[in-house]
1. Look at the stretch 24-55 and say how many of its residues are aliphatic (A, V, I, L, M), closer than 21 Å to VAL218 by Cβ and within 14 Å of the ligand (Cβ to nearest atom).
2. What number of residues in the stretch 92-141 are among the β-branched types (Val, Ile, Thr) and open to solvent by 30 Å² or more (accessible area, probe 1.4 Å)?
3. Determine if the stretch 143-164 includes at least one residue that is under 22 Å from ASP65 (Cβ atoms), assigned to a strand (DSSP E or B) and open to solvent by less than 10 Å² (accessible area, probe 1.4 Å).
4. When residues of the stretch 221-239 are filtered for being more than 13 Å from the chain's Cα centre (by Cα) and part of a helix (DSSP H, G or I), how many remain?
5. Looking only at the stretch 166-200, which residues are within 16 Å of the ligand (Cβ to nearest atom), open to solvent by 70 Å² or more (accessible area, probe 1.4 Å) and either aliphatic (A, V, I, L, M) or not in a loop (DSSP other than H, G, I, E, B) (or both)?
6. I'd like the full set of residues that are exposed (fewer than 15 other Cβ atoms within 10 Å of the Cβ) and within 13 Å of the ligand (Cβ to nearest atom), limited to the stretch 218-232.
7. Out of curiosity, is PHE66 open to solvent by 90 Å² or more (accessible area, probe 1.4 Å) and of a type outside the set (D, E, K, R)?
8. Please go through the stretch 126-146 and give me each residue that is hydrophobic (A, V, I, L, M, F, W, C) and under 14 Å from the mean Cα position of the chain (by Cα), ordered by number.
Amino acid sequence: MFAGKTAIITGGSRGIGAACAVKLAGQGADIAILAAHMSEKARETAELIEKMGRKVQIYVCDVSDFTQVSETVETIIKDFSHIDILVNNAGITKDKLIIQMTEEDIDSVIDTNLKGCMYVTKACIRSFMRQKSGRIVNIASVVGLMGNAGQANYAASKAGVVGFTKSIAKEYASKGITCNAVAPGFICTDMTGALNEGQIEAIKGNIPCGRFGQAEEVAELVSFLAGDNSTYITGEVIKIDGGMYI
Ligand code: NAP
């Protein structure tokens, strides 16, 4: 499906991003991983992709830094000669009630989750336009659709990603570029790893499927939206949450 294609996956070192990187590589894509650190997990993900016979490179790049993003995407285009797929997945949480949130809690979450998504998309869009094709998949969250007490900064960042997705879809549909978002519910990764047993049970009680999702399940959806079977889908936000927000 993705033979000869290159995918940039932000936050591709671990969690949902790593699952997307491995899924796309398994279908033939070469992979550029953007991560905040050169970590053991990033190396493990890259090794797995290498063993599949795909080209892979890790780029340490803070997606909230406009200049770093522009330079890194330029380097990726030189290294891989072209990019075809962008998965904007890098994200963080700083959960607190708004009354307790610091300026840094607000800024860092908006800068990484929303501005990061905008910066990387902006850096890739000219290349997609030249090719008259491109697939952008943004990782939003059901929290951006339904809100969540204790996550006002995060919910606002993800609601912003939804508005951004729809706007980019409208701006570039005529250029052969699609832009969609997936909105996961609770997925087993480091991000949800800090929840205690009581919190996990309470959350599961609100999920009709009765369990958290797996990163690989999100990767399946991302792969569909990045592939050739979704050419007439753009500007969509697809929930993947076990029915939590019906
Ligand atoms: P995770 O396991 O915590 O991984 C986060 C990833 O983002 C890591 O690769 C990390 O890089 C990267 N990252 C963080 N800040 C960055 C920055 N400034 N620049 C570049 N990379 C950065 O998270 P996850 O659970 O897989 O979540 C992935 C995405 O799905 C996020 O956007 C998250 O909001 C969204 N999401 C997750 C869930 C869930 O339940 N897990 C639900 C809905 C939506 P390092 O490894 O170098 O730190």
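1. Number of matching residues: 8.
2. Going through the stretch 92-141 one residue at a time, the tally reaches 7.
3. No, the stretch 143-164 has no match at all.
4. Of the residues in the stretch 221-239, 4 are more than 13 Å from the chain's Cα centre (by Cα) and part of a helix (DSSP H, G or I).
5. Those that are within 16 Å of the ligand (Cβ to nearest atom), open to solvent by 70 Å² or more (accessible area, probe 1.4 Å) and either aliphatic (A, V, I, L, M) or not in a loop (DSSP other than H, G, I, E, B) (or both): ASP190, MET191, ALA194, GLN199.
6. none
7. Details: open to solvent by 90 Å² or more (accessible area, probe 1.4 Å): yes; of a type outside the set (D, E, K, R): yes.
It is true that PHE66 is open to solvent by 90 Å² or more (accessible area, probe 1.4 Å) and of a type outside the set (D, E, K, R).
8. Selection gives ILE136, VAL137, ILE139, ALA140, VAL142.
The values are calculated or read from the model by the stated rules, or taken from the named source; none is laboratory data. Keep in mind it's a predicted model, so treat the numbers as computed, not measured. Because the Cβ atoms are built from the backbone with ideal geometry, glycine has one as well, and the counts that use them run over all protein chains shown. Just so you know, the surface numbers come from the protein's heavy atoms only, side chains and all, with ligands and any DNA or RNA stripped out. Shrake-Rupley method; radii C 1.70, N 1.55, O 1.52, S 1.80 Å.
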